[in-house]
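The structure appears right after this line, and notes come after that.
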Amino acid sequence: MQLTTLAEVSESVAATRSRRRKIALLSALLAEAPPGEIRVCVQYLSGQLPQGRIGVGPSLVREALDRAPADRVTLTLEDVDRCFSALAGCSGSGSQRRRRALLAELFDAATTPEQRFLAQLLLGELRQGALAAVMAESIATAADLPAARLRKAVMVAGDAAPVAEAVLTDGSAALARFRLVPLSPVQPMLAQPGGTLEEALAGAGEVCLEYKLDGARIQVHRDGDDVRVFSRRLHDVTASVPEIAEAAAALPSSRFVLDGEALALRDDGRPQPFQVTMARFGRRRDVGASRREQPLTPYFFDCLHLEGEDLLDAPLGTRLERLTTLLPDTLSVRRLVTGEEGPQRTFAQQALDAGHEGVMVKDLGAAYAAGSRGGAWLKVKPAHTLDLVVLAAEWGHGRRRGWLSNLHLGARDEATGRFLMLGKTFKGMTDRMLDWQTRTLRELAVSESQGVVTVRPELVVEVAFDGIQRSPHYPAGLALRFARLKGYRTDKAPQTADSIAAVRAIFQRQTDAPA
């Protein structure tokens, strides 16, 4: 397939706000894609590189964009993929020179629309609205399959690209390949903000309440003697957290998939700050010393598979029954199943007294919606918090001179895939955080003007705030009040950040008026 075909479709998708039109454009392209190029086609249109990080920063891309475009179409997807693989393989002395030469050769062969598409893809700015849900429905349309079946396959696979390749090559029978099996991680089910406890419980009847832990999300798989621990972003972190693998290996079953959180605890049993827990997940060396210094404790709250039984479609009540048969109390998240208001309030206060963030309120009849964020799981905290994406940062003054300090924060617009700014904050940052933040954001920099460094929207932060107010200064018409940084959530991808819809819902609960 010619690269120009992909570039043209991408621009057309970006130009329309109609979900139906986006799906029509994408599905038509996918239906015509050669079998060997379907996977890379889906990945490029989703803003992903099959090779992952390839060592190309904004300065190299801007330099390549200065080159004169080609006057005729010659580039194919195979050409681009081959170039990206070569870029990813550059290392050692002279690697930057080699990258520059490879990019120059690629951009010399690209027309103006192709150069624009390549630059956006390399900079992580290809947000034309081809979100995961839109892409899944487009694949289903191209393959003439029910969207619900296709979405489930994508959830289990953790990525739309292999599912698209399978169903568009081999038809509906290929869906049978995508089922939950131990050692193959699935996207985690997500929660949405639930407001106050009263709001989350209104009309709910009997529900499951759980302590909301401020830890690192883990998915633990066991198949015989093979135990693996996966992070929220489905990275295999087993080597970094051996104590979690050991705890799973000691359970009385040889085949299971569990969902939970890992916590670093203080000597008194109360949870350490999230950053302390996450520090363990980034260690590759001296893991034994790190474990002795700050061990992790796993707490599980869901069972997705047990001894050959796939439980994704089972109601939560059934999954909890299976979990109870498997776990000792010491490895289980504290929970209460009741419909009575008094015990619910007491339980929520006990969670806070124990040092946790609040409670989760879960629908006992809901299936496990892998990769989805919906009303079946609600998180209830005393203070409002949101997971937002860093869009830019301002150079500090005075004591913070030389550091990128004031963060520009945005929420995800589900209609377009873009991030809409909601406000700024410089509060809640330690010197150590400022130093790390400056180094990291400079690596993600796209441009700089008047002391503001615009960055690729890749970093997620958890932000506490006092409320939402109307604002004519921001594109969504809303702004955070008294925002302060709780911490970076390096375990979360920007696509899982909270949406503008979630922000509007908080505003509506505050004001009882439409936003």
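The values are calculated or read from the model by the stated rules, or taken from the named source; none is laboratory data. Owing to the predicted nature of the structure, the values given are computational and were not obtained by experimental measurement. Cβ sites come from the backbone with ideal geometry, for glycine too, and all protein chains shown count toward neighbours. When the accessible area is computed, the model is the full protein with side chains, heavy atoms only, and any ligands, DNA or RNA have been set aside. Shrake-Rupley method; radii C 1.70, N 1.55, O 1.52, S 1.80 Å.
List the strands (runs of 3 or more DSSP E) that sit entirely inside the range 167-226 and contain at least 3 residues that are touching an Asp or Glu at 6+ places or on another chain (Cβ under 7 Å).
Numbers: elements: 190-193, 207-212, 216-223.
Fully inside the range 167-226 and qualifying: 216-223.
Out of all the residues in the range 243-266, which are crowded, with 17+ Cβ neighbours inside 10 Å, within 26 Å of the chain's Cα centre (by Cα) and outside any strand (DSSP E or B)?
Once the filter is applied, which keeps residues that are crowded, with 17+ Cβ neighbours inside 10 Å, within 26 Å of the chain's Cα centre (by Cα) and outside any strand (DSSP E or B), the range 243-266 yields Ile244, Ala245, Ala248.
Please list, ordered by first then second residue, the pairs with beta carbon atoms under 9 Å, 6 or more apart or interchain, first in the range 239-254 and under 17 Å from Gly308 (Cα atoms), second in a loop (DSSP other than H, G, I, E, B) and hydrophobic (A, V, I, L, M, F, W, C).
Hits for this filter: Leu251/Leu327.
Out of Arg292, Arg285, report the one residue that is of a type in the set (Lys, Arg), open to solvent by 40 Å² or more (accessible area, probe 1.4 Å) and not in a helix (DSSP H, G or I). Outline the logic, then answer.
Numbers: Arg292 fails: not in a helix (DSSP H, G or I).
Answer to the check: Arg285.
Pull up the range 333-365, narrow it to residues that are over 18 Å from Gly195 (Cα atoms) and under 27 Å from the mean Cα position of the chain (by Cα), then point me to the one that is surrounded by the fewest Cβ atoms within 10 Å (Cβ to Cβ).
Filtering first and then ranking leaves Gly365.
Of the residues in the range 1-19, how many are closer than 21 Å to Arg39 by Cα and touching a residue at least 24 places away in the same chain (Cβ under 8 Å)? Spell out how you get there, then give the answer.
Applying the first criterion (closer than 21 Å to Arg39 by Cα) to the range 1-19 yields 1-14.
Remaining after also requiring touching a residue at least 24 places away in the same chain (Cβ under 8 Å): 1-11, 13-14.
Total satisfying the criteria: 13.
If you scan the range 296-324, which residues turn out to be open to solvent by 50 Å² or more (accessible area, probe 1.4 Å) and free of Cβ contacts under 8 Å to residues at least 12 places away in the same chain?
Glu321, Thr324
Do any residues in the range 150-169 that are in contact (Cβ under 8 Å) with a residue 12 or more places away in the chain and closer than 19 Å to Ser372 by Cα have Cβ atoms under 6 Å from those of residues that are among the basic types (Lys, Arg) and open to solvent by 20 Å² or more (accessible area, probe 1.4 Å), where the two are at least six apart or on different chains, and which pairs are they?
Ala161/Arg39
Considering only residues of the range 470-484 that are over 30 Å from Met278 (Cα atoms) and in a strand (DSSP E or B), which is least open to solvent (accessible area, probe 1.4 Å)?
Initial filter on the range 470-484 (over 30 Å from Met278 (Cα atoms)): 470-478.
Next, from what is left, pick out any that are in a strand (DSSP E or B): 470, 478.
Working: Arg470: 141, Leu478: 4 Å².
Looking at residues that are over 30 Å from Met278 (Cα atoms) and in a strand (DSSP E or B), I get Leu478.
Suppose the filter is in contact with a Leu (Cβ under 6 Å, 6 or more places away or on another chain) and of a type in the set (Gly, Ala, Ser); does Gly342 pass it? Even if it seems obvious, please write down each step before you answer.
Working: in contact with a Leu (Cβ under 6 Å, 6 or more places away or on another chain): no; of a type in the set (Gly, Ala, Ser): yes.
Answer is no for this residue.
Given the options Arg177, Arg217, name the one that is within 22 Å of the chain's Cα centre (by Cα) and either open to solvent by 40 Å² or more (accessible area, probe 1.4 Å) or basic (Lys, Arg) (or both). Explain how you work it out, then say what you get.
On the way: Arg177 fails: within 22 Å of the chain's Cα centre (by Cα).
On inspection, the qualifying residue turns out to be Arg217.
In the range 363-377, which residues are touching a helix residue (DSSP H, G or I) at 6+ places or on another chain (Cβ under 6 Å) and at pLDDT 95 or above? Outline the logic, then answer.
The first filter runs over the range 363-377 and keeps only residues touching a helix residue (DSSP H, G or I) at 6+ places or on another chain (Cβ under 6 Å), leaving 364, 366, 370-371.
If the condition is that a residue be touching a helix residue (DSSP H, G or I) at 6+ places or on another chain (Cβ under 6 Å) and at pLDDT 95 or above, then Leu364, Ala366 are the ones that fit.
I'd like the full set of residues that are assigned to a helix (DSSP H, G or I), farther than 12 Å from Ile54 by Cα and open to solvent by less than 40 Å² (accessible area, probe 1.4 Å), limited to the range 67-93.
Across the range 67-93, the qualifying residues are Leu77, Val80.
It is to be established whether one or more residues within the range 54-61 are among the hydroxyl-bearing types (Ser, Thr, Tyr) and either within 23 Å of Thr169 (Cα to Cα) or open to solvent by less than 40 Å² (accessible area, probe 1.4 Å) (or both). Before you say what the answer is, go through the steps one by one.
Initial filter on the range 54-61 (among the hydroxyl-bearing types (Ser, Thr, Tyr)): 59.
Now narrow it down to the ones that are either within 23 Å of Thr169 (Cα to Cα) or open to solvent by less than 40 Å² (accessible area, probe 1.4 Å) (or both): none.
The answer is no, given that none of the residues of the range 54-61 is among the hydroxyl-bearing types (Ser, Thr, Tyr) and either within 23 Å of Thr169 (Cα to Cα) or open to solvent by less than 40 Å² (accessible area, probe 1.4 Å) (or both).
Of everything in the range 105-156, what is of a type outside the set (Lys, Arg), closer than 17 Å to Gln2 by Cβ and open to solvent by 60 Å² or more (accessible area, probe 1.4 Å)? Give them in sequence order. Reasoning before the result, please.
Of all residues in the range 105-156, those of a type outside the set (Lys, Arg) come to 105-115, 117-126, 128-148, 150, 153-156.
Checking the rest, the ones that are also closer than 17 Å to Gln2 by Cβ come to 106-115, 117-118, 121.
Hits for the range 105-156 are Asp108, Thr112.
For the list (1) of a type outside the set (A, V, I, L, M); (2) part of a loop (DSSP other than H, G, I, E, B); (3) surrounded by 14 or more Cβ atoms within 10 Å (Cβ to Cβ), I need the number of the one condition that Gln508 fails.
(2)
One line per residue, one yes/no per condition, for (1) outside any helix (DSSP H, G or I); (2) in contact (Cβ under 8 Å) with a residue 24 or more places away in the chain; (3) touching a strand residue (DSSP E or B) at 6+ places or on another chain (Cβ under 6 Å):
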position	(1), (2), (3)
Asp435	no, yes, no
Arg442	no, yes, no
Glu448	yes, no, no
Ala464	yes, yes, yes
Ile468	yes, yes, yes
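Tell me yes or no: at least one residue of the range 230-237 is open to solvent by 30 Å² or more (accessible area, probe 1.4 Å) and touching a Phe, Trp or Tyr at 6+ places or on another chain (Cβ under 7 Å).
Step one: of the range 230-237, the residues open to solvent by 30 Å² or more (accessible area, probe 1.4 Å) are 232-236.
Then keep just the ones that are touching a Phe, Trp or Tyr at 6+ places or on another chain (Cβ under 7 Å); that gives 236.
Yes, some residue in the range 230-237 is open to solvent by 30 Å² or more (accessible area, probe 1.4 Å) and touching a Phe, Trp or Tyr at 6+ places or on another chain (Cβ under 7 Å).
Criterion first (surrounded by 14 or more Cβ atoms within 10 Å (Cβ to Cβ), free of Cβ contacts under 8 Å to residues at least 40 places away in the same chain and either out of contact with any strand residue (DSSP E or B) (no Cβ under 8 Å at 6 or more places or on another chain) or in a loop (DSSP other than H, G, I, E, B) (or both)) does Thr416 satisfy it?
When the stated conditions are applied, Thr416 does not pass them.
Of all residues in the range 58-76, which are basic (Lys, Arg), in contact with a helix residue (DSSP H, G or I) (Cβ under 9 Å, 6 or more places away or on another chain) and modelled with pLDDT of 90 or more?
If we filter the range 58-76 for residues that are basic (Lys, Arg), which is where we start, we get 62, 67, 72.
From what is left, the residues that are in contact with a helix residue (DSSP H, G or I) (Cβ under 9 Å, 6 or more places away or on another chain) are 62, 67.
Across the range 58-76, the qualifying residue is only Arg67.
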